[in-house]
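Note sheet for the following structure.
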Amino acid sequence: MVLRQYDLHDFGFDTTFYKHPDTALHRVWQYDPVSGSSAWAHLGVVGSAARPLVLGTGAFRPFSSGFDAYALYDFNPENARFWRVNKPLTSFDFSSGGGNNQQAFKLFHTQNIGKTVNIGGEYRLLSSDGWYANEATNNKNFRLFGSMVAPGNRYAAHLQYITNNHTNEHNGGVVPGRLFEQGLFVAPLGVPVHLNSASSRTNNRTFWLQQQYRLSGADSSFTGMAVFHVLSYRREFFNYTDPSTNNTGYYPGPRLTPVAGPDSNGFRSFNNSFGLKSLAPFGRFQWQVALHHSLGNVRNGAAFLNQQLLWADAQLAVNLGRWRISGDYAQVLVNALQDRTQRAEVKAGYFLNQHLGLELGLLNQRQNPGIAANQFTGLYQQWNQQLGAMRESAFFAQLHLPIGKVVYRQASIGNWVYWEANGIARQDAGNYQLQQLSYSSSLKWWKFRLDLNHGWQWAQNGGPLRVPRFFSQDVLSLN
């Protein structure tokens with residue numbers, strides 16, 4: 001049986017080189033995607049969305065609705081994988097336990113239709129009742145995908161339909177002072193909580209199509225140039241409701257009606273992207289330029305705000321023997337609802353071999369905090385504010401060693417946006433220095449494997465920057 005998978009950003013019409021799936025049992029017990037990386041954790045809030053351990057303004061996004069607390073669990077077009085197989089492949093995975101009804105279910109199938117077309121789908125369920133009252137979470141993800149590479153490998157198309165649904169109960173936290181009372185500590189369900197019936201649902205759906213046409217070069221020649229077009233439609237909504245009328249004292253903002261009613265916000269957008277890219281994965285120069293346009297609207301209470309967004313980006317990578325130099329730049333040209341933002345990053349590395357090298361980098365970006373932080377109208381909260389883009393300038397160094405990797409990062413962060421205890425987004429106009437040092441390694445001996453991930457962070461004049469000073473994740477496994 002021949003299994004070949006590839007990430008879309010690596011696709012270059014070549015039919016020889018693919019990434020082969022890892023069939024080892026390492027981390028087979030880790031059903032939660034958050035558990036696979038030291039960069040994310042629950043930070044002690046069992047049943048909640050994951051939080052980043054390594055603080056930063058986040059990946060560059062020209063537009064964000066702001067309802068992305070569970071985005072780490074989602075399927076999205078950028079992290080998708082496509083397949084080519086000579087026989088149908090079906091994979092099934094289920095696990096349960098944890099003492100609070102944790103369940104994980106995965107189902108995957110793909111098959112080729114002839115030699116040019118591949119189709120498939122995958123479904124994922126993660127759920128937990130939590131440890132305390134009214135804390136259940138349920139995350140469902142579904143993806144259909146297909147690809148077609150025309151005979152002669154001149155034209156290729158990749159298609160996806162994705163839907164992500166998150167339904168979560170909210171208890172508003174435990175009542176202060178009651179958690180450590182006698183008997184409650186060993187029976188978390190008996191701990192009093194603020195809310196007993198509040199819940200939320202976040203759903204997003206995406207239809208996505210990418211087409212590529214090779215203008216020059218031949219298959220497996222690793223040279224040439226291609227033009228590409230991406231068409232997508234995305235709809236997202238957020239709904240919060242609390243049927244109980246006895247919790248009015250909990251909400252700091254006005255509750256406009258004495259009966260149950262949902263807070264609902266969302267947006268939809270239609271996007272087009274056009275670009276050119278090189279087809280030289282093993283060549284000295286690799287590059288890509290693209291122009292993106294988006295039309296849509298944001299629903300804020302009963303009002304609809306129109307959105308028009310235009311941005312351009314470019315990437316360049318140069319391989320000169322042991323030297324590797326890369327850079328990317330993105331600039332928002334038109335943004336009707338938020339600040340015009342940009343990102344610039346440059347990396348330079350020298351590698352004696354694939355396991356030993358030093359890489360340095362510079363980053364400068366302005367990142368919007370999300371439309372929900374600026375404007376929100378609901379039964380429990382209302383605000384209309386103009387928060388500016390967050391600023392981040394950083395220097396980082398990565399030392400690649402045969403036994404692991406050491407990363408040092410020095411960042412300056414300004415206009416930081418954070419959420420107060422009353423649920424309202426605030427912005428601090430100060431400028432704060434952040435230092436981060438991390439070490440990771442994977443050691444093997446006989447059938448044993450030891451994974452180490454350690455990190456330290458120092459926030460000078462930290463103000464609203466809330467980061468753990470030290471974090472550690474060490475896993476010893478027998479394969």
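The values are calculated or read from the model by the stated rules, or taken from the named source; none is laboratory data. Since we're looking at a predicted model, the values are computed, not measured. Here the Cβ positions follow ideal geometry from the backbone for every residue, glycine too, while neighbour counts run over all protein chains shown. SASA here: full protein model, heavy atoms, side chains in, ligands and nucleic acids out. Shrake-Rupley method; radii C 1.70, N 1.55, O 1.52, S 1.80 Å.
Side notes on the structure shown:
- Verdict on ARG391 being open to solvent by 70 Å² or more (accessible area, probe 1.4 Å) and within 21 Å of the chain's Cα centre (by Cα): yes
- Looking only at residues of segment 75-94 that are in a strand (DSSP E or B) and out of contact with any Lys or Arg (no Cβ under 9 Å at 6 or more places or on another chain), we find that the one that is nearest to GLN211 (Cα to Cα) is PHE82.
- ALA198 vs. criteria open to solvent by less than 40 Å² (accessible area, probe 1.4 Å) and at pLDDT below 95: yes
Every residue, every condition in (1) closer than 27 Å to LYS347 by Cβ; (2) assigned to a loop (DSSP other than H, G, I, E, B), yes or no:
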residue: PHE396; (1), (2): yes, no
residue: LEU399; (1), (2): yes, no
residue: LYS405; (1), (2): yes, no
residue: ASN415; (1), (2): yes, no
residue: GLY423; (1), (2): no, yes
residue: GLY430; (1), (2): no, no
residue: LEU434; (1), (2): yes, no
residue: ASP451; (1), (2): yes, no
residue: TRP456; (1), (2): yes, no
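- Those residues of segment 323-349 which are in a strand (DSSP E or B), among the charged types (D, E, K, R) and surrounded by fewer than 18 Cβ atoms within 10 Å (Cβ to Cβ), in sequence order: ARG324, ASP328, LYS347
- Out of LEU360, LEU320, LEU310, LEU352, sole residue that is open to solvent by 20 Å² or more (accessible area, probe 1.4 Å) and in contact with a Leu (Cβ under 8 Å, 6 or more places away or on another chain): LEU310
- Pairs are defined by a Cβ separation below 8 Å, a sequence spacing of at least 6 or placement on different chains, a first member in segment 416-439 that is in contact (Cβ under 8 Å) with a residue 60 or more places away in the chain and within 30 Å of GLN398 (Cβ to Cβ), and a second member that is β-branched (Val, Ile, Thr) and open to solvent by 50 Å² or more (accessible area, probe 1.4 Å); the pairs so defined are GLN436/VAL54; SER438/VAL54.
- Only a single criterion out of (1) surrounded by fewer than 17 Cβ atoms within 10 Å (Cβ to Cβ); (2) of a type in the set (Phe, Trp, Tyr); (3) modelled with pLDDT of 90 or more is not satisfied by PHE75, namely (1).
- Neighbours by Cβ (under 7 Å, 6+ apart or cross-chain): first from segment 224-235, of a type outside the set (Val, Ile, Thr) and outside any strand (DSSP E or B); second surrounded by fewer than 15 Cβ atoms within 10 Å (Cβ to Cβ) and at pLDDT below 95: GLY224/SER216
- The residues listed here are ARG366, ARG409; of these, the one that is touching a residue at least 24 places away in the same chain (Cβ under 8 Å), open to solvent by 20 Å² or more (accessible area, probe 1.4 Å), assigned to a strand (DSSP E or B) and farther than 21 Å from LEU437 by Cβ is ARG366.
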